[in-house]
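Working notes for the structure below.
The values are calculated or read from the model by the stated rules, or taken from the named source; none is laboratory data. Remember, it's a predicted structure, so these values are computed and weren't measured experimentally. Neighbour counts run over all protein chains shown; Cβ positions are idealised from the backbone, glycine included. These area figures cover heavy atoms from the full protein model, side chains too; ligands, DNA and RNA do not enter into them. Shrake-Rupley method; radii C 1.70, N 1.55, O 1.52, S 1.80 Å.
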Amino acid sequence: MLPLEGITVVALEQAVAAPFASRQLADLGARVIKVERVDGGDFARAYDSAVKGGLGTHFAWLNRSKESVALDVKRPAGRAILGELIAGADVFLQNLAPGAAARMGLSAAELRAADPRLIVIDMSGYGSGGPYRDKRAYDMLVQAEAGLISVTGTPETPVKAGSPLADIAAGMYAFSGALAALVRRGTTGEGAAIEVSMFDAVAEWMGQALYTTLYTGAPPARTALGHPVIAPYDAYPTADGADVVIGVQNDRGWAALAAGVLDRPDLVDDPEYATNQARVRNRAEVDALVAAVTSATPREELLRRLDAAGVPNATLNDGHGLAAHPQLAGRDRWREVGSPVGALRAVLPPITFAGAEARMDPIPALGEHTGAVLAGLGYGAEAIARLRADGTVA
């Protein structure tokens, strides 16, 4: 039995942050009813059509194991249906535009006045107060506003993170907040009103950079693949053209690298290199010493020597490298998931319960479950047909 079986989540969601939170709840067994617009649904469905020529990659990633109900919540009949769904839920999650949920009578205060056991999670870009409350927020914009872009990239060029980290961070906190609230409700009987903003999430993830700025007076410099306060910590070339990342975390690691891989035991106690702070001061010289050896060594041999010496390392993979990674295959992490465009490969989520594999049910078509969900609320076939005919549901 998965730990969230018996829990029902109603998600009025779109894009990435909230769908990522609710999908993780579904992974662990919760029933997730995804409420989508009747005119196209979650707009992430159409960000692209790269999945077998018909399904958006973001949508495929974030929406397996959910039930799709296409509902016009701007109509009174649609809001009434949504109210019925929420009345039977344990968790209500939404990431509409700022203030939109409250204008529909879906504020946490109103919903919890009707059902004190309900857990309401409101997700937004900047939170419910402050001067940025109503500011539009997308992943790249929040990465910029919270400073993440300023510490990512080369010394010459800041860049955003390649994955939507602001969305992912907020989704993780909404997911963990829901779990914490369910635990507390099991003890006290009380639900919760939870607020998660993308900006707050990234501000937390900027911790080291923020503390560096606060207590040195200067933000950390961008160092591309390097680390601003650790050396050697970077990607280094090999004889066959592939880069290998080497990360020495402490002086013991430097000793292992110098003696066991560089064949330079004299560097272990050299005052110019013996301590991390000295190596950071002399970063260019350190990187040149390491690269001189790595560039003359084929990748597989270099990896073997690094592993034998106990020096942390990694191959600089791209998407192809990840898809073919022997660790995923060796731990049986791949599954097939159904979808409107056919069976898709998907990786098991990282939370692994012994004896209870994560749920990997199909990705729904828009409105695929509307009829069944309405029937479960007591609507008859004629009533459902009328609602379809007038555009309240699809």
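Hey, among ALA323, ALA354, ALA343, ALA284, which residue is under 30 Å from GLU67 (Cβ atoms), surrounded by fewer than 11 Cβ atoms within 10 Å (Cβ to Cβ) and small (Gly, Ala, Ser)?
After applying the criteria, what remains is ALA354.
Does at least one position in the range 241-249 carry a residue that is under 18 Å from ARG281 (Cβ atoms) and free of Cβ contacts under 8 Å to residues at least 40 places away in the same chain?
no
Across the range 82-111, what is the number of residues that are in contact (Cβ under 8 Å) with a residue 60 or more places away in the chain, open to solvent by less than 40 Å² (accessible area, probe 1.4 Å) and either touching a His at 6+ places or on another chain (Cβ under 7 Å) or part of a helix (DSSP H, G or I) (or both)?
So the count comes out to 5.
If I go through the range 117-132 residue by residue, how many of them are open to solvent by 60 Å² or more (accessible area, probe 1.4 Å) and modelled with pLDDT of 95 or more?
The total comes to 3.
Give just the number: which of (1) more than 30 Å from LYS160 (Cβ to Cβ); (2) among the charged types (D, E, K, R); (3) out of contact with any Pro (no Cβ under 8 Å at 6 or more places or on another chain) does ASP240 not satisfy?
(3)
With respect to ALA358, is the statement that it is of a type in the set (A, V, I, L, M) and modelled with pLDDT under 95 true?
Taking the combined requirement at face value, the residue does not satisfy it.
If you go through the range 382-389 one residue at a time, do you hit one that is in contact (Cβ under 8 Å) with a residue 12 or more places away in the chain, of a type in the set (Gly, Ala, Ser) and farther than 30 Å from ILE246 by Cα?
Taking every residue of the range 382-389 in turn, none turns out to be in contact (Cβ under 8 Å) with a residue 12 or more places away in the chain, of a type in the set (Gly, Ala, Ser) and farther than 30 Å from ILE246 by Cα.
Looking at ALA324, ALA309, which one is free of Cβ contacts under 8 Å to residues at least 40 places away in the same chain and of a type outside the set (D, E, K, R)?
ALA324
Taking the condition of being within 25 Å of PRO3 (Cβ to Cβ) and part of a loop (DSSP other than H, G, I, E, B), how many residues in the range 48-68 meet it?
Final tally of qualifying residues: 3.
Taking the options ARG45, ARG79, name whichever one is open to solvent by 50 Å² or more (accessible area, probe 1.4 Å) and part of a helix (DSSP H, G or I).
Checking each option against the conditions leaves just ARG79.
Scan the range 51-70 and report the pairs whose first residue is free of Cβ contacts under 8 Å to residues at least 12 places away in the same chain and at negative phi and whose second residue is surrounded by fewer than 23 Cβ atoms within 10 Å (Cβ to Cβ) and of a type outside the set (Gly, Ala, Ser), with Cβ atoms within less than 6 Å and a gap of 6+ or a chain change.
THR57/ASP48; THR57/VAL51
On the basis of being more than 27 Å from the chain's Cα centre (by Cα), under 17 Å from LEU316 (Cβ atoms) and of a type outside the set (Gly, Ala, Ser), does TYR273 make the cut?
So TYR273 fails the test.
Between a residue in the range 128-139 that is in contact (Cβ under 8 Å) with a residue 60 or more places away in the chain and any residue that is surrounded by 13 or more Cβ atoms within 10 Å (Cβ to Cβ) and assigned to a helix (DSSP H, G or I), which pairs come within a Cβ distance under 6 Å, given they are 6 or more apart or on different chains?
Close Cβ pairs (under 6 Å, with a partner that is surrounded by 13 or more Cβ atoms within 10 Å (Cβ to Cβ) and assigned to a helix (DSSP H, G or I)) amount to ALA137/MET198; ASP139/ALA166; ASP139/ASP167.
Would you mind stating whether ALA114 is surrounded by fewer than 18 Cβ atoms within 10 Å (Cβ to Cβ), modelled with pLDDT of 95 or more and either among the acidic types (Asp, Glu) or closer than 21 Å to ALA192 by Cβ (or both)?
Yes, satisfied.
Taking the range 228-260, which residues are among the hydroxyl-bearing types (Ser, Thr, Tyr) and either surrounded by fewer than 21 Cβ atoms within 10 Å (Cβ to Cβ) or in contact with an Asp or Glu (Cβ under 9 Å, 6 or more places away or on another chain) (or both)?
Correct list: TYR236, THR238.
Got a number for residues in the range 164-201 being in contact with a helix residue (DSSP H, G or I) (Cβ under 9 Å, 6 or more places away or on another chain) and open to solvent by 60 Å² or more (accessible area, probe 1.4 Å)?
The qualifying residues number 7.
Out of the residues in the range 288-301 that are more than 14 Å from ASP263 (Cα to Cα) and free of Cβ contacts under 8 Å to residues at least 60 places away in the same chain, state the one that is nearest to the chain's Cα centre (by Cα).
Only one residue fits best here, namely GLU300.
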